[in-house]
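The structure under discussion appears below in the form of structure tokens.
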Amino acid sequence: MQDVDPAYAFVRARESGARTYADTFDTVFAHGAGTVLTDTAGRRYLDFLSCAGTLATGHNHPAVVERVRAFVDSGQAMQMLDMTTPVKHRFVERLFGILPPALARHARVQFCGPSGADAIEAAIKLFKTATGRRSVIAFHGGYHGMTAGALALTGNLRAKHAVASLMPDVHVMPYPYAYRCPFGLGAPHTAAASLHYIESMLSDPESGIAKPACVIVEAVQGEGGVIPAPPEWLAGLRALTARLDIALVIDEVQTGIGRTGAMFAFEHCGIRPDAVVLSKAIGGGFPLALVAYDERYDVWEAGAHAGTFRGNQIAMAAGVACLDVIESEGLIAGAAAKEAHVRARLERLAARHPEIGDVRGRGLMWGIELVDPDAAPDAAGARPAAPALARALKRYCFAHGLIVETGGRHGAVVRLLPPLTVSAAELDLAFDTLDAGLAALGEHARAEFA
């Protein structure tokens, strides 16, 4: 067991109980370059967390660093509320250039406070204001942030149980989680059953659910266990909401900017949403959040939604640099191309280790769901989750130089979010570490479950 760094001990003794990552990754990180983090003791780690998907171009990409340095040295203002500056002009141009043309032609952008949750709050307020309706539809397993409104939309009850009086009139619908089908039907029928249920709830005058201001959904659930929405399901949801005149808001905070092998995850499904929520990678590693939405909903009065740091000029400069790197290095096509390699390696792991119940993902966003291999499956074929094994595997990986995180139902999904710049050799090293960890822990886990 390594000695505790005095700096780590000092901060831990004074930081709130709400800290999360620091308790698992109990070292002091000093340097970052690409996919690699180095701590103060000189230990190196492959970072397959990427600040929860924020670092699309990895740590300290030279082109992003140079652009930020040039901006800081230029003497331009660093914070400007919502006033116009040259860097804001470039950022808005670049943003509208990456939005699908059908959305960009009629879009408006609202800059929010610096986190994705702030942008979710803005979207809730906007669509309630525009429609005069009170309720919002969210989904089982969804994650939209930890502020009060965003938390009300989030599925995880552990995060919600201690907070009284969250935003009312939130109705949570079944997401098409094929491995653990909420209807007990199994993979071939999950998406169709989910759509049928949602349509029934929104169309039935006796459902008890008033017509909502909007439906908010992730095209790939991230914190909920890396669950991609089947393209036909999201297309069906778009058709349903359009027919019923309900706005569809896609939360792309974690999936946006190339993570899934497309600029936006909803593009895999061929739809045009009414709004897209962006943060994380759009700021190039710096805090920035926004909502891009159809102009027909632009009913804000001046000052109706604000935030002191919505004009983060450094983030806008870094965001433009990040988008330039993604384009010049072909990182979106690269993420799409690497998907086949990742899928093949994970399927080989699943064939070797019965503790893996399911592997799923898109591009460079993947989840490995761990289960008790000796327990009987349910009617849909899923075995009980193995959260203790997932935690043990995360700790094993960290001890062997790989940073991964867990999530999903019961925390039993090991999540992989490497930067888009990750090399094939780095991917293989990560898979080899996971393989060794499962081999080392699997027998112990089976004995524990017995």
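Since every read-out is calculated from the coordinates, none of them should be taken as a lab result. Since this is a predicted model, take the numbers as computed values, not measurements. Ideal geometry is used to build each Cβ from the backbone, glycine not excepted, and the neighbour counts take in all protein chains shown.
Listed values, structure above:
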read-out	value
Isotropically averaged projected area of region 65-328, using the convex hull of Cα atoms (one quarter of hull area), nm²	14.6 nm²
Kirkwood-based Rg to Rh ratio, region 318-450, C-alpha trace	1.03
Fraction of alpha-carbon pairs over 18 Å apart in region 145-244 - percent	52 percent
For the chain, the spread of Cα positions along each principal axis, largest first, Å	62, 61, 43
Stretch in the chain that is longest and holds no GluC sites (Glu not before Pro) that DSSP places in a loop and that have at most 16 other beta carbons within 10 Å	16-205
Chain lengthening between A187 and A304 when straightened (0.36 nm per residue, less Cα-Cα)	37.7 nm
Separation of alpha-carbon centers, region 168-218 and region 21-49, rounded to whole Å	40 Å
Proxy reagent accessibility, fewest Cβ within 10 Å first, across T131, T84	T84, T131
Rg and Dmax [Cα atoms of region 1-144; Å; Rg one decimal, Dmax integer]	20.4, 58
Cα coordinate range in region 61-174, projected on the principal axes (Å, largest first)	48, 33, 24
Entries in K125/K394; K128/K160; K88/K160; K211/K280 that, when Cα-Cα distance is taken, lie over 27 Å	K125/K394; K88/K160; K211/K280
The chain: DSSP helices with Cα axial extent of at least 24 Å and average Kyte-Doolittle hydropathy no lower than 0.0	187-203, 331-352, 424-449
Amide H within-cut-off set for L402, under 5 Å, with H built and near neighbours excluded	L46
Viscosity 0.692 mPa s, 37 °C: Kirkwood-radius Stokes-Einstein D of region 181-315 over Cα pairs, µm²/s	198 µm²/s
